[in-house]
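See below for the structure under consideration.
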Amino acid sequence: MAAALSLQTQYDNLGDEVINSILLREVAERMPLHALSRNVPDWYLSNLRRHVGEAWSDVTCHRDRSRFAVRLFRQGFQRGRHWLFTACGDVGGATSHYRRDAALAMVSALPAWRLASVGASCARLSASRAALLRRARAGGGLVSMRDTKSARVLSAHGVEAMLVPDLAFKLPFSMQSGATKAVFSFREMPGLDYVALKRMVAATRRFGLQPVVTWQVGRDETFCRALADIIGIPAIDCLGGRDGRFHRALEFYDGAACVVSNRLHALLIAAARGAAPFAVLPPGEAKIAPLLTDQGMADCILPLSGDGFDVLLEELPARRQPWRQIFACNAARIDACFDRLAAEG
């Protein structure tokens with residue numbers, strides 16, 4: 001048994017680095033893994049190697065796409081059953097990518113290969129991706145979504161998907177005593193209410209917290225620094241550069257009592273370090289709200305006006321506690337998924 005995937009992603013996004021590295025580790029701990037690393041920066045590969053640890057010895061990186069394709073083709077006719085993994089994260093979109101999805105379909109149609117989708121969400125499904133996933137299910141592949149709303153989107157296109165949590169839930173949980181930071185981290189979006197954010201900042205100060213702005217996606221830095229000036233709090237770079245940025249971010253979040261954000265993995269990485277996450281979202285948001293709702297934490301979702309934040313802060317110590325069990329339960333479900341893939345090989 002073996003597995004294959006592409007390492008191409010949004011390299012400036014720490015959240016994508018986290019979920020991709022967890023996918024790599026979970027797979028490589030169970031089977032040999034071939035990874036397409038064409039045009040992947042060396043610093044990013046170095047970060048992945050740190051995440052994966054000893055299991056990296058079972059990862060073979062291929063810089064040449066043609067040779068990688070030939071390897072998959074030859075292995076597709078050998079004995080055994082292998083898994084071809086699609087990307088984690090948000091894979092939705094109404095625009096079809098026929099060339100990409102046709103290539104995945106061609107490989108997964110070979111006798112030894114099956115498609116596996118783990119840790120993904122989907123607000124909209126293109127025609128080419130729907131066709132790919134229907135063929136994958138018919139051929140014994142694994143199609144999963146990280147929230148029930150995404151699963152319903154697939155079901156409407158004739159694709160039945162199982163639920164497997166976001167892979168960030170495999171981050172080790174840690175809760176520090178004496179956490180005093182209130183972290184604000186936002187991507188720019190229409191309707192963001194700066195007056196409301198100022199009120200939320202004032203509320204954190206009333207409860208003895210120290211509000212700061214940070215970012216974990218490189219392209220958010222300019223906006224977050226401007227936001228910090230507008231709402232009158234310090235801006236702190238939790239990444240400190242590219243190489244080894246994950247561990248610096250964890251150290252930063254270790255001091256956080258809460259995080260307020262509209263980025264999913266800012267919320268989840270901080271929650272893994274014991275911070276209570278609060279999502280500030282527009283009505284109908286389809287990526288973060290469904291996941292929090294599935295976890296029984298819909299009351300952590302705030303409107304753009306920030307209404308209700310003061311009440312949540314009054315309950316802050318209790319708000320931090322449930323996340324230990326949430327991470328433990330989801331980590332067990334993720335383990336069960338990958339154990340199943342290994343057993344079916």
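So, with +1 on the Cβ of K and R and -1 on the Cβ of D and E, and no other charges, what is the size of the charge dipole of segment 181-327 about its Cα centre, to the nearest 20 debye?
Numbers: 17 positive and 16 negative charges, 60 e Å.
Here the size comes out at about 280 debye.
May I ask which residue of ALA103, ALA69, ALA55 lies farthest towards the positive end of the charge dipole of segment 55-107, with charges of +1 (Lys, Arg) and -1 (Asp, Glu) on Cβ and the Cα centre as origin?
After comparing all options, I get ALA69.
Give me the percent of DSSP beta bridges within the chain that run antiparallel, rounded to the nearest 5.
Values: 1 of 38 bridges.
Looking only at bridges with both residues in the chain, the antiparallel portion is about 5 percent.
For LEU7, what charge total do you get from the other residues with a beta carbon under 14 Å from its beta carbon, if Lys and Arg give +1 and Asp and Glu give -1? Kindly include the intermediate steps, with their values, before the conclusion.
On the way: positive: ARG25, ARG38, ARG49, ARG63, ARG65; negative: ASP16, GLU17, ASP42, ASP64.
It works out to a net charge of +1.
Tell me which residues come under 5 Å, amide H to amide H, from CYS61 once H is placed; ignore anything under 5 positions away on its chain.
ALA35
What residues qualify as long-range amide H neighbours of LEU304, i.e. H under 5 Å apart, gap of 5 or more or another chain, H built at 1.01 Å from N?
For LEU304, the qualifying residues are LEU281.
Among ALA318, ALA343, PRO277, whose Cα sits farthest toward the positive end of the charge dipole of the chain (+1 at Cβ of Lys/Arg, -1 at Cβ of Asp/Glu, about the Cα centre)?
Going by the charge dipole, the pick is ALA343.
With axes computed from alpha carbons, what is the tilt in degrees of helix 194-206 against the longest principal axis of the chain, rounded to the nearest 10 within 0 to 90?
For helix 194-206, the angle is close to 70 degrees.
Does a label point 7 Å from the Cα of ASN39, set along Cα-to-beta-carbon, have any residues of segment 86-120 with amide nitrogen under 14 Å, and which are they?
Output list for this probe position: 100.
Return one number: the angle in degrees, 0 to 90 and rounded to the nearest 10, between the long axis of the Cα atoms of helix 127-138 and the longest principal axis of the Cα atoms of the chain.
Roughly 60 degrees between the two axes.
Quick check: the distance between the Cα centres of segment 75-104 and segment 1-69, to the nearest angstrom?
Distance between centres, Cα-based: 15 Å.
Amide H of GLN210 versus every other amide H placed in the peptide plane: which residues, excluding those fewer than 5 positions away on the same chain, fall under 5 Å?
For GLN210, the qualifying residues are LYS181, ALA182.
On a straight-distance basis, which aspartates and glutamates could pair with LYS181 in a cross-link, Cα separation under 15 angstrom, same-chain partners fewer than 8 positions away excluded?
Partners within reach: ASP237, GLU251, ASP254.
Under the classification rounded if a/c is under 1.5, otherwise prolate if a/b is larger than b/c and oblate if not, where does segment 207-328 fall, given a ≥ b ≥ c as square roots of the Cα gyration tensor eigenvalues?
Values: a/c = 1.44, a/b = 1.27, b/c = 1.13.
Taking the square roots of the gyration eigenvalues as a ≥ b ≥ c, segment 207-328 is rounded.
With θ set to phi - 60° and the Karplus curve 6.51 cos²θ - 1.76 cosθ + 1.60, what are the ³J(HN,Hα) couplings of segment 303-311 in order, to the nearest whole Hz, using x for Gly and Pro?
x, 4, 6, x, 4, x, 5, 4, 5
Could you tell me how far the Cα centroid of segment 187-220 sits from the Cα centroid of segment 328-345, in Å?
What the calculation gives is 37 Å, centre to centre.
To the nearest 10 degrees, how steeply does helix 42-52 sit against the main Cα axis of the chain, on a 0 to 90 scale?
Approximately 90 degrees, to the nearest ten.
Across all directions of projection, what mean area in square nanometres is found for the Cα convex hull of the chain? It would help to have the intermediate numbers written out before the result.
On the way: hull surface 65.2 nm².
The Cα convex hull of the chain, projected and averaged over all directions, gives 16.3 nm².
Are there chymotrypsin sites (Phe, Trp or Tyr not before Pro) in segment 198-282 that DSSP puts in a loop and that have at most 16 other Cβ atoms within 10 Å, and which ones?
Working: sites: PHE207, TRP215, PHE223, PHE246, PHE252, TYR253, PHE278; in loops: PHE207, TRP215.
For chymotrypsin sites (Phe, Trp or Tyr not before Pro) across segment 198-282 that sit outside H, G, I, E and B with at most 16 neighbouring Cβ atoms in 10 Å, the list reads PHE207.
Read the figures in this text as sums done on the coordinates, not as results from a lab. Bear in mind that the values here come from a model prediction, so they are computed numbers and not experimental data. Don't worry about glycine lacking a Cβ; one is built from the backbone with ideal geometry, like all the others, and counts go over all protein chains shown.
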